[in-house]
Amino acid sequence: MGFDLYGEGPFNPPKDNDDMWEDKNFEKREKYFAEKRKFERDNPGYYFHANVWYWRPLWNLITNLCEDILTIKDVEGGMYNDFYLINKTKTRRIAKRLDKAMKNGDIQKWKQDRKEHLESLPLIECNICDGKGYRNLDDSGVSTVCNGCQGKKERPHFDHNYVFELKAVEDFIQFCKSSGGFKIG
């Protein structure tokens, strides 16, 4: 699952043709996708993608830094990919706030605080093997070491799966500056 954000534009992306999806039109598809990638690079406000593991920490940062900009409905809308709209005015304010926080070191401090928080979380019982350290693979009773905890019976807290990278923030700032508002899909 991912979060695809689309800028409100105005943009004029390349259009696909119905016939390009026919079996023999690989060249048309390749050309279309090459044009689309180039368009997205040349128009940083058109499209921003983050998979769920990157989006959740990024959105958490945004909602913390921009709590006076975003409404409760906005915050909730950003947690789902059902095309919730963040308008142009709010988007510009978010970009400005994030840019300032990046330049003054607040985001780097937030990242360090997040890292320390994750490191402080206790190990949890492995939910794949129910804390046994092994898994039964079939009805014959044959078992193997659990691939979730490697036999240790515990594993890091689930929140360790979510990734926070400064590059994602930088890309998001650029997207916001150029998007004209965006929908979260």
TODO: Give segment 131-167 a look and list any residue that's in contact (Cβ under 8 Å) with a residue 60 or more places away in the chain and open to solvent by 20 Å² or more (accessible area, probe 1.4 Å), or say none.
DONE: Asn161, Tyr162, Val163, Glu165, Leu166
Open item on the list: Being part of a helix (DSSP H, G or I) and crowded, with 16+ Cβ neighbours inside 10 Å is the requirement here; does Lys115 meet it?
Closed with: no
Task: Positions within segment 68-100 being part of a helix (DSSP H, G or I), hydrophobic (A, V, I, L, M, F, W, C) and under 19 Å from the mean Cα position of the chain (by Cα), in sequence order - done: Val75, Ile94, Ala95, Leu98
Open item on the list: Being assigned to a loop (DSSP other than H, G, I, E, B) and closer than 15 Å to Trp110 by Cα is the filter here; which residues of segment 151-174 pass it?
Closed with: Tyr162, Val163, Phe164, Glu165
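So that you can scan it fast, the table gives a plain yes or no per residue for (1) surrounded by 15 or more Cβ atoms within 10 Å (Cβ to Cβ); (2) on the phi < 0 side of the Ramachandran plot; (3) touching a residue at least 40 places away in the same chain (Cβ under 8 Å):
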{"residue": "Pro10", "(1), (2), (3)": "no, yes, yes"}
{"residue": "Asp18", "(1), (2), (3)": "no, yes, no"}
{"residue": "Glu27", "(1), (2), (3)": "no, yes, no"}
{"residue": "Tyr32", "(1), (2), (3)": "yes, yes, no"}
{"residue": "Glu35", "(1), (2), (3)": "no, yes, no"}
{"residue": "Tyr46", "(1), (2), (3)": "yes, yes, yes"}
{"residue": "Cys66", "(1), (2), (3)": "yes, yes, no"}
{"residue": "Ile69", "(1), (2), (3)": "yes, yes, no"}
Open item on the list: If I ask for residues that are open to solvent by less than 70 Å² (accessible area, probe 1.4 Å), within 18 Å of Ala168 (Cα to Cα) and hydrophobic (A, V, I, L, M, F, W, C), which ones from segment 74-105 would you list?
Closed with: Ile94, Ala95, Leu98, Ala101, Met102
TODO: Answer yes or no: is there a residue in segment 24-45 that is aromatic (Phe, Trp, Tyr), modelled with pLDDT under 85 and out of contact with any Leu (no Cβ under 6 Å at 6 or more places or on another chain).
DONE: yes
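The values are calculated or read from the model by the stated rules, or taken from the named source; none is laboratory data. Everything quoted here is computed from the prediction, not taken from an experiment. In this analysis, Cβ positions are derived from the backbone assuming ideal geometry, glycine residues included, and neighbour counts consider all displayed protein chains. Keep in mind that these areas ignore ligands, DNA and RNA; they rest on the heavy atoms of the full protein, side chains included. Shrake-Rupley method; radii C 1.70, N 1.55, O 1.52, S 1.80 Å.
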